[in-house]
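As structure tokens, the structure follows; a few thoughts come after it.
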Amino acid sequence: MKKSRGRTGRKRKRRHLQSFMDGVNCSHKLEYINLKKWLKDRGFEDSNLRPAQFWDTGRGLMTTRALQAGDLVISLPEKCLLTTGTVLSSCLGEYIMKWKPPVSPLIALCTFLIAEKHAGEKSLWKPYLDVLPKTYTCPVCLENDVVSLLPEPLRKKAQEQRTTVHELYLSSKAFFSSLQPLFAEDTGTIFNYSALEWAWCTINTRTIYMKHSQRECFSLEPDVYALAPYLDLLNHSPNVQVKAAFNEQTRSYEIWTNSQCKKYEEIFICYGPHDNQRLLLDYGFVATNNPHSSVYVSSDTLLKYFPPLDKQRNAKISILRDHDFLENLTFGWDGPSWRLFTALKLLSLGADEFTSWRRTLLGDVISARNEQQTLTMTAKICHFLIEETQHALLQISQLKRNKENLKTHLTLVEALRLEDLKILQKSAEILCNLNIATT
């Protein structure tokens, strides 16, 4: 008897482990019960999707039935969507209508989110607000210590993102003050910088694309945002294909899958063919083994390996700049990109080959010497980036030991750097094989 009980225990343990691998159903949690009830009142019917916690992706949605290519994943009625139309029909509407110069659709949505969050229990959108993340991991939210460990091209974009949000806050302060009649407390404390940062991240990471007609009460920035409660629990995978759009006939936002999904598996959508730097910048996460991922080579790194005494150096840099060959130079899973190789080929032209620069940009072979020097330079840059990435990973592991409060953010940057390292090592291998083939 004992034996069989042990086996049943093992079986149960295995089943429990399997269910954890698949995802732990969270639909019994109060916030999801309230959200589903709230959505049902607005016309949303769904029996196939369950909120769940997954060991690798965190919170997401699992399907309770197997899905085939061509199946409808979710159909969310227009009444459930939060758009600028929602904002204008709220008490904020009249203030937005009369404010000059007009606010952007983005600021209108940010203002609405901050005001509703402040309203707490009184907010009609409380069930949705309760399931929104309390904090985000976009670069704008990262500490300087963490930002400094990002690869250089992403570090630059992270600083630009920070500046954008800060300027948005400063330029909106007067508008926020105009809303004072709506609040008992001082608007300065309600609409502070951290509130705007949270609202901006909510919109930046969670909105679906939905074009709205231009309204005079808004600035000319495109009005293309919609927040989609429940639907926005779907996580991204670069390996799936979906069709997503607002259906004018059903007046619902619909997602159809072009992939298969087994029963009780996490169902994914694809945000687009984004590399990891873009995913981290726009959504605050990194996808492992992302086929679209690249390691970017900055123009500073590119020029570090060229003799400063090359008389045509400045002319070559001008040509590259004029023909847009100083940006988007990358290493990928299949080695150096054509753009990177071409830029390095042009920089490697000998004095007697310089007149052939146009042919170089078209991809022609100029000489065996030029090809060989290009390969050597590419390999040097690749090894430099490998060393730089390894050094950053070392710094990250030291910081993780010393700064407990930064652990989550550091783990994210570490994941990005580890992916970069895999790509660079694969590229080094490809370059080594190319070198052997040409010598």
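The values are calculated or read from the model by the stated rules, or taken from the named source; none is laboratory data. As the structure is a computational prediction, the values presented were derived from the model and not from experiment. In this analysis, Cβ positions are derived from the backbone assuming ideal geometry, glycine residues included, and neighbour counts consider all displayed protein chains. The protein model used for the area step is the full one, side chains on, heavy atoms only, and it has no ligands, DNA or RNA in it. Shrake-Rupley method; radii C 1.70, N 1.55, O 1.52, S 1.80 Å.
Numerical summary
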{"read-out": "By average C-beta atoms within 10 angstrom, highest first, the peptides 79-90, 307-318", "value": "79-90, 307-318"}
{"read-out": "Theoretical ellipticity at 222 nm over the chain - DSSP helices of four or more residues, -39500 (n - 2.57) apiece, nearest 500", "value": "-15500 deg cm²/dmol"}
{"read-out": "Extended-chain gain in nm, criterion 0.36 nm per residue less alpha-carbon gap, THR355 and TRP338", "value": "4.0 nm"}
{"read-out": "FRET efficiency for LEU309 and ASN405, using Cβ-Cβ distance with R0 set to 60 Å, rounded to 0.05", "value": "0.75"}
{"read-out": "The stretch 82-227 - convex hull of alpha carbons, volume per residue in Å³", "value": "120 Å³"}
{"read-out": "Under 15 Å between alpha carbons - lysine pairs in the stretch 82-227 that sit 8 or more apart or on different chains", "value": "4"}
{"read-out": "Partner aspartates and glutamates for LYS262 [C-alpha distance under 14 Å; skip if fewer than 8 residues away on the same chain]", "value": "ASP22, ASP71"}
{"read-out": "Count of Lys pairs (Cα-Cα under 20 Å; at least 8 positions apart or interchain) in the stretch 294-438", "value": "9"}
{"read-out": "Separation between Cα centres of the stretch 369-394 and the stretch 159-217, rounded to whole Å", "value": "43 Å"}
{"read-out": "Highest-MSF residue in the chain out of LEU168, LEU424, LEU61 [GNM, Cα springs under 10 Å]", "value": "LEU168"}
{"read-out": "Average accessible surface area per residue within the chain, 1.4 Å rolling probe, Å²", "value": "52 Å²"}
{"read-out": "Most mobile of PHE54, PHE191, PHE306 in a GNM of the chain (Cα contacts under 10 Å)", "value": "PHE306"}
{"read-out": "Overall Cα dimensions of the stretch 294-438 - principal axes, largest extent first, Å", "value": "58, 32, 24"}
{"read-out": "For the stretch 82-227: relative contact order, % (alpha-carbon pairs under 8 angstrom, 6 or more apart)", "value": "37 percent"}
{"read-out": "For q = 0.21, 0.22, 0.33 Å⁻¹, Debye-computed log10 I/I(0) when each Cα of the stretch 187-226 counts as one equal scatterer", "value": "-0.80, -0.83, -0.98"}
{"read-out": "Distance (nanometres) between label positions extended 7 Å along Cα→Cβ at LEU124 and ASP364", "value": "6.7 nm"}
{"read-out": "Separation of alpha-carbon centers, the stretch 331-348 and the stretch 221-274, rounded to whole Å", "value": "35 Å"}
{"read-out": "Listed peptides 25-36, 338-349 by packing density, highest first (mean Cβ within 10 Å)", "value": "338-349, 25-36"}
{"read-out": "Protection proxy ranking, peptides 274-284, 120-130, average beta carbon neighbours within 10 Å, highest first", "value": "274-284, 120-130"}
{"read-out": "The chain: angle of helix 338-347 to the longest principal axis, Cα-based, in degrees nearest 10", "value": "40 degrees"}
